[in-house]
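**Student:** So that we are looking at the same thing, I have put the structure below in structure tokens.
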Amino acid sequence: MRQRQFWSGTLIHLCLGVASLLIALPLLWMVLTALKTHQQVFTEPMWRIPAEIQLGANIAQVFKLIPFWRYFTNSLIVATVVTVGDLFFSTLAGFGLAKYRFPGRNLIFSGIVATMMIPFIVIIIPQYIIVRRLGWIDTYAGLTVPFLISSFGIFMLRQAFLSVPDDIIASARIDGAHDLRVLFQIVVPLNVPILVSLAILRFLMEWDTLMWPLVVTNSTRMRTLSLGLAIMQNDRYGADFPTLMAAALLAIAPVVLLYAFLQRYFIKSVASFGLKE
Amino acid sequence: MSRISRRTFLKGAAAAGGAAAFGSVFTSAGSSQSKTIVYWGHNYPSRVKIVNEIMAPGFKKEAGIEVQHADFDTSQMEPKILTAWAGGGEGPDLVSVGDYNLANYVYRKMVVPVDPVAMGFKDLDTLIAAYEPHALDGLMVDGKLYAIPMDSGSISMVYRKDFFKEAGLDPENPPKTWEAVVEAGLKLTKKDASGKVIRAGLGWEARTPSSHFYYWGTLLPQKGVDFLSPDGKKNGFNNSNGMAAFQYLYDAFNTWRIAALGLGPTISPVDDFGAGRVAMMNTGFWLPPSMEAKYPAVSFAKGVYGVMRLPQFTNGKVATRLNPWVWMVSARSRVQKEAWQFVGYMTKEPKNQTIWAVQAQYLQPWKGMTNRPEITAIPYAKTFLEDLAIGVPTPRTVKYAELATNVAKAYDRISANGEKPEAVVPDLARQVDRLLSE
Amino acid sequence: MSLDDRRGAVGPPVPMERPLSAVRLFGGGVSGHEARTGLLLVMPAVIFFAAFMLYPFLSAFWYSLTSWDLVGPPRFVGLRNYVRLLQDEDFWNAARVTAYYTFGLLVPMLPLSLLLAMLLDRRLRGRAFYQGVLFAPAVLAAVVVSMIWRVVYMPQGGLYLLFTAPFGLTNIPWLNDVHWAMPALIIVGIWKNVGYYMVIFLAGLQGISPTFYEAARVDGASTWQQFRRITLPLLRPIMLFVAVVSMTKAFQGFTAAYTLTGGGPADATKVLPLLVYENAFSFNKMGYASAIAVIMFVVLLALTLIQFRTLKSEG
């Protein structure tokens, strides 16, 4: 009995190890390439780490080619504004849908859930036209407002708030707390994990998005990081592989750092999203 | 009583109002301030440098007007200009784009005619006379001039003399005809053990949709036809001459295999030539300095590479393609006069013309330019200048973007997919006819 | 509450409904201020969705019935865009390519995700490490993933050679070859997302009580039988969720195709979202592009309903 378990344990580790290695290889390759000069990429043997590591030079080249900090800051602003806004408004709406009865409640909830099914590609053109009419092309407003509230955020929070026991709320009310106090001082603290999950999900979504910034921004100073990197890949004048990989490293460094420390929360956010469906 | 207090509600309303103000505070500056010129151009580093470091500051000092300059990758810039200008949206005041956009912009009433007085000339005739004869012909629509050339844009050929020597060819006697190119290409092309091409004898470097017109697309006028018929209403290549041009393209990739794709990670003329992945390459005047800056060992002065006129067909029409960059001003701009004033500032002074020529290799076709010592002193300028005389403009149509996309697809089918011209050309002809008739 | 704490629950967790909750549409018996407060709480979201979701959604249908190049107002043309689309070889090519990508991605990836999840569904030393590595690509921005894989796919000297050189395949023009380009994109898709769906499956697996398996083992069921009779049925809701979400995401995939291949070569990777983008923002055929988007929506809806039908029905 134990023998069999031992074997299967080794086999499992082997499989998982191989899978992990396969996943990690491209990332290692990225780091390795960032250490080379652009000639070394083609001339040297693949795995050779260059005697003189060019990482510093490549990173300097990135900053010469693109306004990296500007792009980074833009992405940061957009992702943060959207995340905070979504948390706030989804909390309000989720609370209202979970704990209050009012005419049209089911209709509204079904409607919001239904919008989860609308693919972005269908609304991108009309949204672009709306944003253009509002004069929000090439502005932070244009980048953030159309995504400020998400239907899955409301859905997740409504489900979460439903499980808050009514007696806690009732007793708070008896003590004289008004609705917003109940929400922010009682319900929200009880649901911090799910709020963190939603925040992470939203932030990652906004950080990563390309199509909308592509369509809505024009000037260099409003570009997000995703867009800036996409343009950099296509640049026929300047970018070469080590520089591109250095840029990639810079771009993922903050995310990877966060991930290394908060891995549990990242994973839980995806898992809990899946389970609430 | 548990009500949402009035205070809270008012706070919420204030927040909402703040959000609306948020939007307007962050609108792009060009729309609200007066006397600022928003200028968009492509991301060629030398051009960007000249504008940012010389032209814009100098203009601000002289005229007190600020120029807000943004640069883009070409393939992304032109769609953006289109969507920004069309239908009443805000957009740049001044753009530098490929001249092939002229027809489309004029049709959509998105640009205004050149203002010679703002540029510093007495009138239009004086302005035209200041340029080489016929230099501005391609920029006129219905007798009105709509664009000012930023360069001349002739296409010539660069070739690696060191590879020629290596292959036993005479580096001072490069092939002058496409037929001779095949011979040379066969000797210059290098393959690896598995038979894949690692150095192509010939490189066309077509990357952006529009580049197809002026790189390999030059084969068509050299056979006496073009993508569009002379009246612009139908395709012009579904005939024996057009087929012959496409046949050469096909053979280069598939029969003789002197041209190849996937040599490098992306198609980059500078890298493909400098890193030696291509032995002969069609290109514009901008390539040599950009390439030498990145690959100093590949030097014209040291004879590592040379420049020659674009090869011609033995019994064809002597021609090359012109794809100049031009300046145009938006019809919706509130600073049209100032924008043309800036264009005049950038180009009218011989001093500035030299800056463009020497630092960005943009030879503007001013009269007598080719005789100026500082111009002819540029070592490889001679060939590019001579080719101006045989230049043919790129096809003029409103449906430029769609035409380019379909042409690019035909190119992909022939080069990447190995499909024969007999299959591809009729399809392309059909697509072109259809999009012209819509 | 870690994932481990979910063990012992029977089936995936079910959200608790308020026992008093039988609210009908516009039903009575609700106090005025509760209704007012509730409405106030949801009002911002409702206004937002009306403005930025519902209105654009309906507009898309309207635009699809017009011809509009952004010069002047839209011109109503009825169903002409749809008729043209059905005759447009570019459209059918994009539809084929999208189907190729969607199913080419999901069919290998989802079983792999499930397999990995099953491997992880036990007390294992280093489990957090494996999970961390396998999930990592999902947190990276899609554009960065493209950049990384561009270097992997370099014909000369790319990482892929590690796997193909032993077979004598070198100098593969991954992104420039009509036959290799789509497989290249699919591989990138699998790499990025396999860990993501693995995590979701794992969460579902952990919700299955071990008592089921113990009982089955006592009855002498083999591993495969346990999988078929216990795991699969209890995992159905999760599988449905994963199927719907992964298909929706793959169908709308834009970034990878746009940044790695631009739809080429020869439109071999021109998926439908790219076609919409090109028609709208390069050619300014807003009506035509909207029609393509509407067709995409209808197809997606149909596929989703089919999946609900097949996967939801209890055996």
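Every read-out reported here was derived from the displayed coordinates using simple, explicitly stated rules and does not represent laboratory data. What you are looking at is a predicted structure, and each value in this text was computed from that prediction instead of being measured. Here the Cβ is made from the backbone with ideal geometry for all residues, glycine too, and neighbour counts use every protein chain on show.
**Student:** Roughly speaking, what % of Cα-Cα pairs in chain B are separated by over 41 Å, rounded to a whole number? Numbers along the way, then the final one.
**Tutor:** Values: 21201 of 95703 pairs.
Counting every Cα pair in chain B, those more than 41 Å apart make up 22 percent.
**Student:** Can you pull the one-decimal nm distance between simple spin-label points at residue C:305 and residue C:71, each 7 Å off the Cα toward Cβ?
**Tutor:** 4.1
**Student:** How shielded is A:226-232 by partner chains, expressed as the average number of their Cβ atoms within 10 Å of its Cβ atoms?
**Tutor:** Values: counts 7, 2, 1, 6, 11, 7, 3.
That average works out to 5.
**Student:** Starting from the 7 Å offset along Cα-to-Cβ, what nm value, one decimal, do you get for the label separation of residue A:116 and residue B:239?
**Tutor:** According to this spin-label approximation, the distance is 6.2 nm.
**Student:** Run the quick spin-label model on residue C:88 and residue B:376: label points 7 Å from Cα toward the beta carbon, then report their separation in nm to one decimal.
**Tutor:** Those two pseudo-labels are separated by 5.5 nm.
**Student:** Over the Cα atoms of the range A:131-272, what is the Rg over Rh ratio if Rh follows Kirkwood? Walk me through the numbers before you get to the answer.
**Tutor:** Values: Rg = 20.5 Å, Rh = 18.4 Å.
Computed over Cα atoms, the ratio is 1.11.
**Student:** Could you compute the FRET efficiency for residue B:54 and residue C:115, with r as their C-beta to C-beta distance and R0 at 56 Å, rounded to 0.05?
**Tutor:** Details: r = 62 Å, r/R0 = 1.11.
Efficiency, rounded to the nearest 0.05: 0.35.
**Student:** On to the next question. Sorting B:314, B:74 on the 10 Å Cβ count, fewest up front, what's the list?
**Tutor:** Ranked by crowding around the Cβ, least crowded first: B:314, B:74.
**Student:** Between the range C:131-154 and the range C:175-214, how many Å separate their Cα centres?
**Tutor:** Between the Cα centre of the range C:131-154 and that of the range C:175-214, the gap is 14 Å.
**Student:** List the lysines whose alpha-carbon lies under 26 Å from that of residue A:64, not counting same-chain residues fewer than 8 positions away?
**Tutor:** Straight-line reach from residue A:64, under 26 Å: A:36, B:49, B:60, B:80, B:294.
**Student:** Return the subset of B:234/B:399; B:35/B:109; B:109/C:285 for which the Cα-Cα distance in this structure is over 19 Å, preserving the input order.
**Tutor:** On the way: B:234/B:399 12 Å; B:35/B:109 23 Å; B:109/C:285 17 Å.
From the list (B:234/B:399; B:35/B:109; B:109/C:285), the Cα-Cα distance tops 19 Å for B:35/B:109.
**Student:** Quick one, what does Rg over Rh come out to for chain C if you take C-alpha atoms and the Kirkwood Rh?
**Tutor:** Numbers: Rg = 24.3 Å, Rh = 23.3 Å.
Rg divided by Rh gives 1.04.
**Student:** With each run of n ≥ 4 DSSP H residues scored as -39500 (n - 2.57), what mean residue ellipticity at 222 nm is computed for chain B after dividing by its residue count and rounding to the nearest 500 deg cm²/dmol? Could the numbers behind the result be given before it?
**Tutor:** Numbers: 20 runs with 179 residues, N = 438.
Helices in chain B give a 222 nm mean residue ellipticity of -11500 deg cm²/dmol.
**Student:** Which residue, B:76, B:359, B:222, has the most motion in a Gaussian network model of chain B that connects Cα atoms within less than 10 Å?
**Tutor:** Highest fluctuation of the listed residues: B:76.
**Student:** Assuming R0 = 51 Å, what is the FRET efficiency of residue A:84 and residue C:124, from their Cβ-Cβ distance, to the nearest 0.05? Don't skip to the end; give the middle numbers.
**Tutor:** Working: r = 38 Å, r/R0 = 0.74.
My answer for the efficiency is 0.85.
**Student:** Lysines near residue B:176 by alpha-carbon distance under 24 Å, same-chain residues fewer than 8 away left out - which ones?
**Tutor:** Result set, ordered by chain and number: B:161, B:165, B:187, B:190, B:223, B:302, B:317, B:382.
**Student:** Separate question: Report the extension gain between residue A:63 and residue A:175 in nm, rounded to one decimal, defined as 0.36 nm multiplied by the number of residues separating them, less their alpha carbon distance.
**Tutor:** Working: separation 112, 0.36 × 112 = 40.32 nm, distance 5.79 nm.
This chain segment gains 34.5 nm when fully extended.
**Student:** Relative contact order, percent, of chain A when contacts are C-alpha pairs under 8 Å separated by at least 6 residues? Let's see the in-between values first.
**Tutor:** Working: 235 pairs, mean separation 89.4, N = 277.
Worked out over chain A, it gives 32 percent.
**Student:** Multiply the residue separation of residue A:49 and residue A:253 by 0.36 nm, subtract the distance between their alpha-carbon atoms, and state the gained length in nm to one decimal. Write down the numbers at each step before the final one.
**Tutor:** Details: separation 204, 0.36 × 204 = 73.44 nm, distance 2.08 nm.
Length gained between residue A:49 and residue A:253: 71.4 nm.
**Student:** Continuing with the same structure: Please report the projected area of the range A:2-61's Cα convex hull averaged over all directions, in nm². All intermediate terms of the calculation are to be shown ahead of the outcome.
**Tutor:** Values: hull surface 22.7 nm².
The number I arrive at for the range A:2-61 is 5.7 nm².
**Student:** Averaged over its residues, how many other protein chain Cβ atoms are within 10 Å of peptide C:275-287's Cβ atoms? Before the final figure, lay out each step's value.
**Tutor:** Values: counts 1, 5, 7, 4, 3, 7, 12, 12, 8, 9, 3, 7, 1.
Whole-number average of other-chain Cβ neighbours for C:275-287 is 6.
**Student:** Hey, another quick one. Loop-only check: which trypsin sites (Lys or Arg not before Pro) in the range B:89-181 are DSSP coil with at most 11 other Cβ within 10 angstrom? Spell out each step's value before the answer.
**Tutor:** Numbers: sites: B:108, B:109, B:122, B:144, B:160, B:161, B:165, B:176; in loops: B:108, B:109, B:122, B:176.
Counting only loop positions with at most 11 other Cβ atoms within 10 Å, the trypsin sites (Lys or Arg not before Pro) in the range B:89-181 are B:122.
**Student:** Cα centroids of the range B:101-180 and the range A:66-103: how far apart, whole angstrom?
**Tutor:** 51
**Student:** With the dipole of the protein assembly as shown worked out from charges on the C-beta (+1 for Lys and Arg, -1 for Asp and Glu) around the Cα centre, which of B:241, B:373, B:293 lies farthest toward the positive end?
**Tutor:** The residue sitting farthest along the positive end of the dipole is B:293.
**Student:** Let me know the longest stretch in chain C that avoids all trypsin sites (Lys or Arg not before Pro) found in a DSSP loop with at most 14 other C-beta atoms within 10 Å. Intermediate values should be presented prior to the final figure.
**Tutor:** Details: sites that count: C:7, C:24, C:122, C:123, C:125.
So the longest stretch without any such site is C:126-315.
**Student:** For residue A:205, put the label point 7 Å out on the Cα→Cβ axis and report which residues of the range C:45-81 keep their amide N under 14 Å from it.
**Tutor:** C:49, C:53
**Student:** Right, something else. Tell me the mean residue ellipticity at 222 nm calculated for chain A from its helices only (DSSP H runs of n ≥ 4, each -39500 (n - 2.57), averaged over every residue, nearest 500).
**Tutor:** Details: 14 runs with 204 residues, N = 277.
The helix-only estimate for chain A comes to -24000 deg cm²/dmol at 222 nm.
**Student:** Antiparallel as a % of all DSSP beta bridges within the protein assembly as shown, to the nearest 5?
**Tutor:** 60
**Student:** Calculated from DSSP H runs of 4 or more alone, at -39500 (n - 2.57) each and per residue, what is the 222 nm mean residue ellipticity of chain C, nearest 500?
**Tutor:** -19500 deg cm²/dmol
**Student:** A further question on this structure: Alpha carbon centre of the range B:258-282 versus the range A:133-195: separation in Å?
**Tutor:** 56
**Student:** Just need the relative contact order of the range A:1-149 here, percent rounded to a whole number, with Cα pairs under 8 Å and 6+ apart.
**Tutor:** Working: 44 pairs, mean separation 35.2, N = 149.
Across the range A:1-149, relative contact order equals 24 percent.
**Student:** Once R0 is set to 60 Å, what does the formula 1/(1 + (r/R0)^6) return for the Cβ-Cβ distance between residue A:13 and residue C:96, expressed as a FRET efficiency to the nearest 0.05? Present the calculation step by step, with values, prior to reporting the outcome.
**Tutor:** On the way: r = 41 Å, r/R0 = 0.69.
In this case the efficiency is close to 0.90.
**Student:** Looking at the range B:136-213, which GluC sites (Glu not before Pro) are in a loop (DSSP not H, G, I, E or B) and have at most 13 other Cβ atoms within 10 Å? Write out the running numbers ahead of the final one.
**Tutor:** On the way: sites: B:166, B:172, B:179, B:183, B:205; in loops: B:172, B:205.
Sites meeting the loop and neighbour criteria: B:172.
**Student:** Same structure, new question: With a cut-off of 8 Å between alpha carbons and a minimum separation of six or more residues, what is the relative contact order of the range C:90-312 in percent?
**Tutor:** Numbers: 220 pairs, mean separation 66.0, N = 223.
Reported relative contact order: 30 percent.
**Student:** Hey, another quick one. Using only Cα atoms, what is the ratio of the radius of gyration of the protein assembly as shown to 2.2 N^0.38 Å?
**Tutor:** That ratio works out to 1.01.
**Student:** What is the ratio of the Cα radius of gyration of chain A to 2.2 N^0.38 Å, where N is its residue count, to two decimals?
**Tutor:** Working: Rg = 23.8 Å, N = 277, 2.2 N^0.38 = 18.6 Å.
That works out to 1.28 for chain A.
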